[in-house]
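These notes concern the structure reproduced below.
The values are calculated or read from the model by the stated rules, or taken from the named source; none is laboratory data. For clarity, every value in this text was computed on a predicted model and none was experimentally measured. Glycine also receives a Cβ, built like all others from the backbone with ideal geometry; neighbour counts cover every protein chain displayed. The protein model used for the area step is the full one, side chains on, heavy atoms only, and it has no ligands, DNA or RNA in it. Shrake-Rupley method; radii C 1.70, N 1.55, O 1.52, S 1.80 Å.
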There are 2 protein chains.
Amino acid sequence: MALRVVALAGGVGGAKLADGLAAVLPPQSLTIIVNTGDDFEHLGLAIWPDLDTVMYTLAGLAHPKTGWGRRDETWNFLQTLGELGGPTWFRLGDRDTALHVLRTQQLRAGARPADVVEGLCRQLGIPHTLLPMTEDRVRTMVATDDGELPFQEYFVARACEPKVRGFRFDGAESSAPGRGVLEALHAAEVIIVCPSNPWVSIDPILAVPGIREAVASRPVVAVSPIIAGEAVRGPAAKIFREMGIEPSPLAVAEHYGGLLGGMVIDRADAALRPALESRGLRVRVAQTLMRKPADRRALAEAALDHATSVVNEKVTP
Amino acid sequence: MALRVVALAGGVGGAKLADGLAAVLPPQSLTIIVNTGDDFEHLGLAIWPDLDTVMYTLAGLAHPKTGWGRRDETWNFLQTLGELGGPTWFRLGDRDTALHVLRTQQLRAGARPADVVEGLCRQLGIPHTLLPMTEDRVRTMVATDDGELPFQEYFVARACEPKVRGFRFDGAESSAPGRGVLEALHAAEVIIVCPSNPWVSIDPILAVPGIREAVASRPVVAVSPIIAGEAVRGPAAKIFREMGIEPSPLAVAEHYGGLLGGMVIDRADAALRPALESRGLRVRVAQTLMRKPADRRALAEAALDHATSVVNEKVTP
């Protein structure tokens with residue numbers, strides 16, 4: 001019988017580990033709770049970058065290189081949009097746009113975000129459960145030296161260039177966990193925090209009232225998104241540094257505070273094991289860089305094996 | 001000095017003659033009033049088929065064969081929409097969709113339809129004035145043996161198959177002419193009714209309160225959309241027959257009642273000239289079939305030349 005797992009995910013690294021977990025766990029054993037703080041409205045369309053990245057990755061449709069969008073994408077919609085004087089800073093592919101248009105129409109017709117995700121997963125042949133962290137409007141705002149920016153403006157339009165001072169999850173205080181989120185967390189034997197950006201992918205999830213407490217009540221294993229002082233992709237390491245923190249698995253552990261029972265770190269960071277263990281964490285050293293699909297599965301297996309040891313440790317003191 | 005002309009248009013035949021008129025008349029001499037009864041909302045997008053056909057045609061972007069949509073179009077948006085379980089009966093090309101998305105966002109942001117058309121014409125490099133017949137919601141409804149159908153369902157989804165009993169222009173009674181429409185009609189020296197479907201392209205325009213009266217106050221020349229008992233494209237002839245009327249330039253003249261001062265008919269219908277003249281119409285026989293761009297220009301020149309004679313006749317009784 002497989003471990004009942006909830007994964008917290010957002011972004012490319014999170015999507016890749018979620019894909020590995022989906023490859024080794026049966027559908028009823030895995031629920032993936034996804035960040036919605038990156039969501040925004042663009043051209044009147046509801047765009048959900050992290051949910052789409054996870055969905056496209058699990059459906060085998062993700063672009064193998066870019067880390068966003070679909071494979072075999074074409075760009076005639078965007079080109080024409082530019083010719084008509086429309087905005088082109090956010091790159092909407094022809095195929096990707098179909099999902100945004102369909103979703104927007106479903107939401108306008110009154111569908112719940114959880115229903116929309118469920119329907120899309122069914123159409124895309126994803127048997128595992130994906131849940132938006134909340135069905136309310138939460139928007140990650142980035143405080144920078146150039147003032148506060150909505151996440152996509154910071155991330156895409158400004159290419160993470162402005163120096164970060166902090167984050168605010170607008171709307172989080174008054175949001176509620178999405179349908180099924182608390183139930184899944186309470187039923188989980190272990191929670192895996194995917195190697196996603198702690199500041200902008202995982203923190204928004206934990207900012208939804210009730211989620212941090214539910215996570216804290218279960219054994220939690222995090223896979224470090226920092227390898228040898230750098231993020232594989234995205235601004236996580238840059239943000240750590242701009243916040244005055246040396247990026248490392250240690251910094252990630254500190255960031256999550258008392259939440260973690262265990263951690264999976266890369267071989268490149270094996271020397272940090274004693275320091276992490278001295279903070280009461282069980283540590284597994286593994287290859288955390290996921291270049292090929294087989295790497296996702298191997299890391300998922302290592303994380304699950306480690307999670308089992310953390311769970312057993314907790315059960316038998 | 002060129003004649004000040006207003007053209008009434010909708011659909012492919014209308015767009016082609018409008019394009020011919022735009023080729024021979026300077027921008028300040030030509031205003032094209034376009035049917036909006038075909039407009040509908042699909043997937044949450046504001047789709048304006050007749051305005052788009054006229055815009056694409058005048059911009060040189062129209063598909064040379066289909067009679068709708070753009071040349072060099074691709075279909076990845078639509079294919080993906082189908083894969084996601086969305087509706088595919090209305091064929092939205094990747095490039096075409098950019099226009100619908102941009103327009104919908106402009107309208108949601110509060111832009112007037114006339115502003116949206118003006119902006120699109122500017123972006124597409126169309127120097128002549130295009131005006132929506134109204135900026136209010138008018139919807140052509142088709143009474144058929146299968147019940148009343150919204151126009152696009154009759155025209156696209158049902159491929160004009162159901163037998164027509166009549167038409168209703170929902171919302172027309174309470175609509176107002178679009179910005180500039182009455183001014184253009186009153187300033188026109190002649191009004192040219194393009195070879196568009198009288199029932200579903202021209203009648204909706206005339207159904208907007210104030211437009212029929214304004215048209216009736218000016219010299220009017222119609223180019224027959226019926227050639228040798230058939231329409232070049234679309235259901236005009238089929239509709240005439242289903243309404244119990246033999247389709248011919250004579251039937252078109254009767255349809256427009258006392259509105260017309262002159263008519264341009266095809267060489268194939270030259271024998272009808274006496275019958276039309278006995279109804280008080282000035283008749284010009286010309287090649288009305290527009291296969292090549294040069295045909296559009298030649299027909300525009302014939303129509304304008306004929307219009308001049310109708311205007312002069314009216315001035316000097």
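Brief remarks follow.
- Of all positions in the stretch A:274-282, at least one carries a residue that is of a type in the set (D, E, K, R), assigned to a helix (DSSP H, G or I) and modelled with pLDDT of 95 or more.
Quick grid of which residues meet (1) under 16 Å from A:Ser196 (Cα atoms); (2) acidic (Asp, Glu):
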site	(1), (2)
A:Ile245	no, no
A:Glu254	yes, yes
A:Gly258	no, no
A:Arg267	no, no
A:Ser278	no, no
A:Met290	yes, no
A:Ala294	no, no
A:Ala298	no, no
A:Glu301	no, yes
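- Test: residue in the stretch A:290-302 that is on the phi > 0 side of the Ramachandran plot, out of contact with any Asp or Glu (no Cβ under 6 Å at 6 or more places or on another chain) and open to solvent by less than 80 Å² (accessible area, probe 1.4 Å): no
- Note on the stretch A:61-74: residues that are within 13 Å of chain B (Cβ to nearest Cβ) and either open to solvent by 40 Å² or more (accessible area, probe 1.4 Å) or at negative phi (or both) total 6.
- Residues of the stretch B:114-136 that are under 17 Å from the mean Cα position of the chain (by Cα) and more than 14 Å from every other protein chain (Cβ to nearest Cβ): B:Ala114, B:His128, B:Thr129, B:Leu130, B:Leu131, B:Pro132, B:Met133, B:Thr134, B:Glu135.
- When the stretch B:116-127 is limited to residues that are touching a helix residue (DSSP H, G or I) at 6+ places or on another chain (Cβ under 8 Å) and farther than 10 Å from B:Met55 by Cα, the one that is surrounded by the fewest Cβ atoms within 10 Å (Cβ to Cβ) turns out to be B:Pro127.
- Counting only strands (runs of 3 or more DSSP E) wholly contained in the stretch A:3-52, the ones carrying 1 or more residues that are modelled with pLDDT of 95 or more and crowded, with 21+ Cβ neighbours inside 10 Å occupy A:5-9, A:30-34, A:45-47.
- Answer residue from the stretch A:84-102, given it is open to solvent by less than 30 Å² (accessible area, probe 1.4 Å) and outside any helix (DSSP H, G or I) and is farthest from the other protein chains (Cβ to nearest Cβ) among those: A:Phe90
- Among residues of the stretch B:22-53, those that are touching a helix residue (DSSP H, G or I) at 6+ places or on another chain (Cβ under 9 Å), farther than 22 Å from B:Gly234 by Cα and in contact (Cβ under 8 Å) with a residue 60 or more places away in the chain, counted: 8
- Here B:Pro204 qualifies as buried (at least 22 other Cβ atoms within 10 Å of the Cβ) and at pLDDT 95 or above.
- Exactly one residue out of B:Ser217, B:Ser224, B:Ser196, B:Ser174 is surrounded by fewer than 19 Cβ atoms within 10 Å (Cβ to Cβ) and either touching a Lys or Arg at 6+ places or on another chain (Cβ under 8 Å) or under 30 Å from B:Ala2 (Cβ atoms) (or both): that is B:Ser217.
- For the stretch A:24-55, a residue qualifies if it is more than 13 Å from the chain's Cα centre (by Cα), within 14 Å of chain B (Cβ to nearest Cβ) and not small (Gly, Ala, Ser), and the qualifying residues are A:Phe40, A:Glu41, A:His42, A:Leu43, A:Leu45, A:Ile47.
- In the stretch A:75-83 there is at least one residue that is within 12 Å of chain B (Cβ to nearest Cβ), over 24 Å from A:Leu21 (Cβ atoms), among the charged types (D, E, K, R) and open to solvent by 20 Å² or more (accessible area, probe 1.4 Å).
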